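Written out below as structure tokens is the structure these notes cover.
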Amino acid sequence: MVIMEFRNLLDTNATTLSWCLSLRLLGVTASVMTLIFALCIIAPKEGFSRTFSGYRLTLNLICPLLGIYNFLFFENTNYIDFKTTWFSVIFNGLYSLVYLIMVVWVKKWPDYYSLFRGSNLIPIGVFVIMTALTLGVCVGLYFLYCFLNRKIKEFPLS
């Protein structure tokens, strides 16, 4: 990805390859999911000051916001196919499935997100909600990207 960025800096007519944008969409979606979980699940249970202090501030707030900003406003050089949004959902869904298996059934990982600590949540329900939320975030980012990409091409800044 860094090589693609240097290529784009050297050649103003170059466009970022669609698979690179798909990887960016996947990363931004995962980062936004971290922000959502930090705001909606971890912070109410563990406290906002603990969730957003020290290195957690960067992990839970700054990186997701910078990722969204970078993806929407600087990665506007190519069109992303709607089918690529499913890659993001598939990979994030696989992560949530592995997380549930390792935390709930195998009990090898600690419950980082505090999803099952002191709660009666149904693991499969949590998986379905996490996957649906990932789909919503990914599709929302996709449509925002397409909308802003079209607007930027209509009204060039130069």
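The values are calculated or read from the model by the stated rules, or taken from the named source; none is laboratory data. Only a predicted model underlies this, so the values are computations on that prediction, with no experimental measurement involved. Backbone-built Cβ (ideal geometry, glycine too); neighbour counts: all protein chains shown. Ligands, DNA and RNA are stripped out before the accessible areas are found, and what is left, the full protein with its side chains, is counted by its heavy atoms. Shrake-Rupley method; radii C 1.70, N 1.55, O 1.52, S 1.80 Å.
Here's the yes/no breakdown for (1) of a type outside the set (Val, Ile, Thr); (2) touching a residue at least 12 places away in the same chain (Cβ under 8 Å); (3) at negative phi:
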residue	(1), (2), (3)
Gly47	yes, no, no
Tyr55	yes, no, yes
Phe87	yes, yes, yes
Met102	yes, no, yes
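Region 34-105 holds helices (runs of 4 or more DSSP H) entirely within its bounds, and those carrying 1 or more residues that are touching a Phe, Trp or Tyr at 6+ places or on another chain (Cβ under 8 Å) and open to solvent by 60 Å² or more (accessible area, probe 1.4 Å) map to 84-100.
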